[in-house]
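This report refers to the structure that appears directly beneath it.
The values are calculated or read from the model by the stated rules, or taken from the named source; none is laboratory data. Computed from a predicted structure; not experimentally measured. So basically every Cβ, Gly included, is an ideal-geometry build from the backbone, and we count neighbours across all protein chains shown. For the accessible areas, the whole protein counts, side chains as well, though only heavy atoms, and no ligand, DNA or RNA atoms are used. Shrake-Rupley method; radii C 1.70, N 1.55, O 1.52, S 1.80 Å.
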Amino acid sequence: MEQRLLRVGWLSVLGAIVVGPALAHLVMPEPGGLWDRLSVLTGLLALSALVCAAVLPSRLRSLNRAFGIESVIDLHRFLGLVTAALVFAHLACVVAADPANVALLDLLAAPRRAQAATLATMALVALAVLAVLRSRAQLSYELWKWSHLALAAMVLGFSALHVWWLDQLVRETTFAAMLGLLAALLVLVFGHRWLWRPLFDPSTEFVVRDVRRESPTVSTLVLEPRCRDDRYADVWAFAPGQFAWLRLERSLAAEEHPFTIASSAHSDATEFTIRHAGDFTRALRRLPPGAAVWVDGPHGAFTNDVGGAAGFVMIAGGVGVTPMMSMLRTAAHRRDQRPYRLVVVAGAPGDLLFRAELAQLRRHLDLEVTEVLRRPTPGWSGHTGEIGVELLSVVALDGTHPDDVDYFVCGPPSLVSDAVSALDVLGVAPGRVHTEQFDFA
Ligand SMILES: Cc1cc2nc3c(=O)[nH]c(=O)nc-3n(C[C@H](O)[C@H](O)[C@H](O)COP(=O)(O)OP(=O)(O)OC[C@H]3O[C@@H](n4cnc5c(N)ncnc54)[C@H](O)[C@@H]3O)c2cc1C
């Protein structure tokens, strides 16, 4: 219910931002021909879509809780493309209104309002090219992130200058008020994202209690809040399955990476189970007790805490078992009697995580665990191979109507898409399938 309300609230806010200024323009009598009016309309829609695209990835917890990080990022990308399409439509309308306006594209000779528009458009095109390059040329995450942010700041800054120097809408009281509101919204959201949370918010500071080795390539980081003040208890209340961004310095330039909270929502410590993938994750493994870690979270909607399903089927690849562990540990704390079926996929037997703890949890929960190995060793008698229809039919929940079961899938993108396709073939309703991929950049 709470999530539904959040969704309705956010959809209303985002919808009002996207169509509000354009609607106001439509109802207002204004001199000028059709192409002039269309050029203002497409310009306003592009500006509104740009503001929404900028707000979406700004780590607003209630927004991420309402839709889940994957949908938020998908919508961000979609609105980026919509903005680009509207900018080109705007340009076409400006030229259609008066073909001599083509001269405005001359960056050296054009007036400053047109120069700002051209620079904003060039930055927008560069953003799209960078997005394609990131997947094709395997750009490092940090390089991609900072270039993406710099270009996005250019698009926003030059767009604002274009509107200001155009000196057309800002003269009109209604539009000046609307544009002022959009600017204030951006200042608030960016101030929260880039100043308050990373530099000042005391509730984000945690200290290392322990680092536990789970396997040669996986460790668990055990954290506790630096500030035990009751005022922050609610701030850090998380739903099992949510994730947070971790940083090792209180600085804007510090690297930060997302990790799922693996502990129970009722535990006094917060645990992250982390595969040693690269520099950052290896640095986490070496942290001594007492070291400071800054945690921005909780985020996401990958949780079984909403919806009241009658049972759960969970499919996890490798370290993708972390959100499932949080859900199972929380369920054990709550003495949840509903059936849980967990499918864990790993390379070799040594990569299967939490085997002893899962055996313990089976004593307290209606839990069955199916282990699947991609590279089975001689003597392995369990399941092998890819996640597919055959394997998933084995884990059906007896006695529970399939429409009442929620499915959670987490792991690398290939595993998530294999599992979603298999569930689709098995007739599982898409609304019952929840996914989290450990790479959303
Ligand atoms: C929502 C979410 C939850 C996650 N939960 C866990 C978890 O519980 N345990 C776990 O071991 N891993 C988890 N990951 C993956 C984890 O974020 C990456 O393995 C980690 O960032 C790698 O950093 P690195 O510098 O050590 O390795 P690198 O070699 O730098 O990166 C390895 C891979 O991680 C991706 N990556 C790097 N930095 C980031 C970043 N800041 N944001 C997103 N992706 C990045 C890159 O695309 C690259 O393919 C999660 C990822 C996401 C998106």
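Looking at A183, is it under 30 Å from L26 (Cβ atoms) and under 21 Å from the mean Cα position of the chain (by Cα)?
Taking the combined requirement at face value, the residue does not satisfy it.
Cβ-Cβ below 8 Å, separation at least six or inter-chain, first residue in segment 421-432 and modelled with pLDDT of 90 or more, second among the charged types (D, E, K, R): which pairs?
Final answer for the pair search is A429/D403; P430/D424; R432/D403; R432/D406.
For segment 264-278, enumerate the residues that are more than 15 Å from E205 (Cα to Cα), surrounded by 20 or more Cβ atoms within 10 Å (Cβ to Cβ) and more than 8 Å from the ligand (Cβ to nearest atom).
Across segment 264-278, the qualifying residues are S264, A265.
Which strands (runs of 3 or more DSSP E) does segment 303-394 wholly contain that include 1 or more residues that are touching a Pro at 6+ places or on another chain (Cβ under 6 Å)?
Filter on segment 303-394 gives 311-317, 366-373.
Would you pick out the residues in segment 247-260 that are within 13 Å of the ligand (Cβ to nearest atom) and over 14 Å from F438 (Cβ atoms)?
Hits for segment 247-260 are R247, L248, A254, E255, E256.
What about A253, is it open to solvent by 30 Å² or more (accessible area, probe 1.4 Å) and either assigned to a strand (DSSP E or B) or more than 15 Å from P298 (Cβ to Cβ) (or both)?
So A253 fits the description; yes.
Looking at (1) among the β-branched types (V, I, T); (2) in the same structural domain as D404 (by TED's automatic domain parsing); (3) buried (at least 23 other Cβ atoms within 10 Å of the Cβ), which is the only condition I261 fails?
(2)
Which of the residues spanning segment 259-278 are under 18 Å from Y141 (Cα atoms) and in a loop (DSSP other than H, G, I, E, B)?
Within segment 259-278, H276, A277, G278 meet the criteria.
Given the options A316, A309, name the one that is farther than 25 Å from E224 by Cβ, open to solvent by less than 10 Å² (accessible area, probe 1.4 Å) and within 11 Å of the ligand (Cβ to nearest atom).
Of A316, A309, the one residue that is farther than 25 Å from E224 by Cβ, open to solvent by less than 10 Å² (accessible area, probe 1.4 Å) and within 11 Å of the ligand (Cβ to nearest atom) is A316.
Does segment 418-432 include one or more residues that are under 19 Å from the mean Cα position of the chain (by Cα), under 27 Å from N64 (Cα atoms) and within 16 Å of the ligand (Cβ to nearest atom)?
Checked against the condition, which is being under 19 Å from the mean Cα position of the chain (by Cα), under 27 Å from N64 (Cα atoms) and within 16 Å of the ligand (Cβ to nearest atom), segment 418-432 yields no hits at all.
In segment 165-176, is there at least one residue being on the phi > 0 side of the Ramachandran plot and not assigned by TED's automatic domain parsing to the domain that holds P413?
yes
Which one of R171, R112, R136 is under 32 Å from the mean Cα position of the chain (by Cα), farther than 25 Å from H299 by Cα, of a type outside the set (A, V, I, L, M) and open to solvent by 30 Å² or more (accessible area, probe 1.4 Å)?
Just one listed residue meets the conditions, R136.
Among the residues of segment 130-139, are any in contact (Cβ under 8 Å) with a residue 24 or more places away in the chain, within 21 Å of L91 (Cβ to Cβ) and among the charged types (D, E, K, R)?
no
State whether the residues of segment 398-405 include one that is in a strand (DSSP E or B), β-branched (V, I, T) and either modelled with pLDDT of 95 or more or within 13 Å of the ligand (Cβ to nearest atom) (or both).
Taking every residue of segment 398-405 in turn, none turns out to be in a strand (DSSP E or B), β-branched (V, I, T) and either modelled with pLDDT of 95 or more or within 13 Å of the ligand (Cβ to nearest atom) (or both).
I'd like to check something: does segment 223-241 contain any residue that is within 16 Å of the ligand (Cβ to nearest atom), open to solvent by 40 Å² or more (accessible area, probe 1.4 Å), over 22 Å from M314 (Cβ atoms) and hydrophobic (A, V, I, L, M, F, W, C)?
No, segment 223-241 contains no residue that is within 16 Å of the ligand (Cβ to nearest atom), open to solvent by 40 Å² or more (accessible area, probe 1.4 Å), over 22 Å from M314 (Cβ atoms) and hydrophobic (A, V, I, L, M, F, W, C).
Return the total of residues in segment 279-300 being within 23 Å of R65 (Cα to Cα), more than 11 Å from the ligand (Cβ to nearest atom) and in a loop (DSSP other than H, G, I, E, B).
Number of matching residues: 0.
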